[in-house]
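Shown next, in structure tokens, is the structure this report addresses.
The values are calculated or read from the model by the stated rules, or taken from the named source; none is laboratory data. These figures come from a predicted structure and were not determined experimentally. We place every Cβ from the backbone using ideal geometry, glycine too, and count neighbours over all the protein chains shown. Surface areas here come from the heavy atoms of the whole protein model, side chains and all, with no ligands, DNA or RNA. Shrake-Rupley method; radii C 1.70, N 1.55, O 1.52, S 1.80 Å.
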Amino acid sequence: MQLLSQFLRRNDTDEQLMDLIATLMVACKEIALQLREGALAGVLGTTDITNVQGETQKKLDVISNEIMKTVLLNHSLVAGVASEEESESVPGNPDGRYLVVFDPLDGSSNIDINVSVGTIFSILEAPKDQDYSTEHPYLQSGRKQIAAGYVLYGPSAVLVLTTGKGVNMFTMSHTGDFLLTRENVMIPEETREFAINMSNHRFWEPAMRNYVDDLLLGADGPREKNYNMRWVAAMVAEVHRVLTRGGIFTYPWDARSPKKPGKLRLMYEGNPMSMLIEQAGGLATNCYSDIMDVEPDDIHERVSVSLGSRKEVEALMEYHAQVESTKEA
Ligand code: F6P
Ligand code: MN
């Protein structure tokens with residue numbers, strides 16, 4: 001069995017990046033312990049605080065965010081952090097080399113029902129001599145990410161990591177060490193499994209409705225195969241399933257909030273997950289172009305996300321291209 005640090009060293013990872021990843025894992029290990037204790041530690045339930053997203057924070061959202069902030073901002077390599085749970089970015093060491101953007105606890109509606117949640121992170125180079133309390137230095141496209149990943153807190157805690165050289169999975173042992181359990185993950189190109197919140201069907205764009213309606217027709221429809229559907233309601237768990245056995249996950253734009261490009265956040269959900277998916281041979285799109293090419297204007301910017309098995313995502317994009325070309329004709 002190979003330790004995370006041994007694996008990263010063997011792969012010639014930058015020493016400072018290794019150091020930062022090890023620090024991130026200190027925070028994630030602490031979050032995993034809090035989740036495991038659950039009701040015994042009195043950490044379940046809701047606070048009376050509403051975050052910048054307009055969502056009521058769960059106690060564990062707040063706890064996880066504090067753990068991430070404290071651990072990262074105490075590290076001299078960290079110039080600043082931006083979090084789903086913080087309205088503004090938070091500065092660290094002005095001479096630090098990295099910015100870390102994170103969703104401290106994704107899928108938090110699952111906490112109180114004891115279902116999978118996770119921490120998603122994206123690591124960016126800190127541009128020199130900038131004010132890291134402003135959002136400007138953080139506004140970098142997904143292509144600029146140095147590393148990205150998540151820790152899924154499920155029956156076991158699993159780190160899924162890319163430093164731009166493929167995707168690898170590490171399982172947390174009882175000693176709290178992360179051990180390599182799956183190397184060089186590749187997503188199957190084709191799939192018969194999709195994940196979407198069907199209750200939003202009436203709010204989708206026509207192209208999305210056509211695509212999903214054809215999946216539902218199964219072998220009798222134009223896609224000529226029977227599909228199965230899954231919905232965990234935690235992006236981190238859906239992406240883990242897609243990385244493990246293929247599939248397509250989509251949370252598209254919908255007309256409930258017509259001015260927002262989607263529900264999920266570009267910088268700490270869309271971008272890190274897109275980097276993992278692309279590194280594993282899949283595709284990640286806003287239905288028209290690659291998510292990682294979107295230039296952000298706001299750290300809390302939203303994006304339409306569809307990702308997974310390459311051929312299935314291409315099929316979805318084709319439905320959108322067709323509707324666009326009919327509009328132009
Ligand atoms: O972070 C937002 C999120 O919790 C994702 O993890 C998940 O994919 C999605 O929202 C679930 O949304 P809904 O409750 O609309 O199904
Ligand atoms: Mn989230």
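Any residue in segment 190-217 that is farther than 15 Å from Val323 by Cα and open to solvent by 30 Å² or more (accessible area, probe 1.4 Å) sitting within a Cβ distance under 8 Å of a residue that is within 16 Å of ligand 2 (Cβ to nearest atom) and at pLDDT 95 or above? List the pairs, counting only those 6 or more apart or interchain.
Asn197/Trp231; Asn197/Ala233; Asn197/Tyr251; Met198/Trp231
So the check is Cβ under 9 Å with 6+ separation or different chains; which pairs have a first residue in segment 68-97 that's touching a residue at least 60 places away in the same chain (Cβ under 8 Å) and open to solvent by 20 Å² or more (accessible area, probe 1.4 Å) and a second one that's outside any loop (DSSP other than H, G, I, E, B) and among the small types (Gly, Ala, Ser)?
What qualifies is Arg97/Ala79.
Among (1) within 14 Å of Gly308 (Cβ to Cβ); (2) away from ligand 2 (no atom under 16 Å from the Cβ), there is one condition Arg202 misses while meeting the rest; what is its number?
Result: Arg202 fails condition (1) only.
I need the full set of residues from segment 240-256 which are within 13 Å of ligand 1 (Cβ to nearest atom) and either part of a helix (DSSP H, G or I) or open to solvent by less than 40 Å² (accessible area, probe 1.4 Å) (or both), in order please.
If the condition is that a residue be within 13 Å of ligand 1 (Cβ to nearest atom) and either part of a helix (DSSP H, G or I) or open to solvent by less than 40 Å² (accessible area, probe 1.4 Å) (or both), then His240, Arg241, Val242, Phe249, Thr250, Tyr251, Pro252, Asp254 are the ones that fit.
Here is a yes/no grid of residues against (1) within 16 Å of ligand 2 (Cβ to nearest atom); (2) modelled with pLDDT under 95; (3) over 22 Å from Leu35 (Cβ atoms):
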residue: Val90; (1), (2), (3): no, no, yes
residue: Gly118; (1), (2), (3): yes, no, no
residue: Leu124; (1), (2), (3): no, no, yes
residue: Gln145; (1), (2), (3): no, no, yes
residue: Ala148; (1), (2), (3): yes, no, no
residue: Met172; (1), (2), (3): no, no, no
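I'm checking my understanding of the structure. Among residues of segment 155-165 that are surrounded by fewer than 16 Cβ atoms within 10 Å (Cβ to Cβ) and not basic (Lys, Arg), which one is nearest to Ser274 (Cα to Cα)?
Gly164
Among the listed residues Ala233, Ala237, which satisfies the condition of being outside any helix (DSSP H, G or I) and hydrophobic (A, V, I, L, M, F, W, C)?
That would be Ala233, the only listed residue that is outside any helix (DSSP H, G or I) and hydrophobic (A, V, I, L, M, F, W, C).
Go through Thr46, Thr50 for me and flag whichever is more than 19 Å from the chain's Cα centre (by Cα), under 13 Å from Asp112 (Cα atoms) and in the same structural domain as Gly118 (by TED's automatic domain parsing).
Among Thr46, Thr50, only Thr46 is more than 19 Å from the chain's Cα centre (by Cα), under 13 Å from Asp112 (Cα atoms) and in the same structural domain as Gly118 (by TED's automatic domain parsing).
Kindly provide the set of residues from segment 266-285 that are open to solvent by 10 Å² or more (accessible area, probe 1.4 Å) and either in contact with a strand residue (DSSP E or B) (Cβ under 7 Å, 6 or more places away or on another chain) or closer than 24 Å to Ser89 by Cβ (or both), ordered by number.
Within segment 266-285, Met275, Glu278, Gln279, Leu283 meet the criteria.
Taking segment 304-329 as the search range and keeping residues that are of a type outside the set (Ser, Thr, Tyr) and open to solvent by less than 10 Å² (accessible area, probe 1.4 Å), which one is farthest from Ala195 (Cα to Cα)?
Top of the filtered list is His320.
Could you tell me whether Ala157 is assigned by TED's automatic domain parsing to the domain that holds Glu324 and either aliphatic (A, V, I, L, M) or within 16 Å of ligand 2 (Cβ to nearest atom) (or both)?
No, not satisfied.
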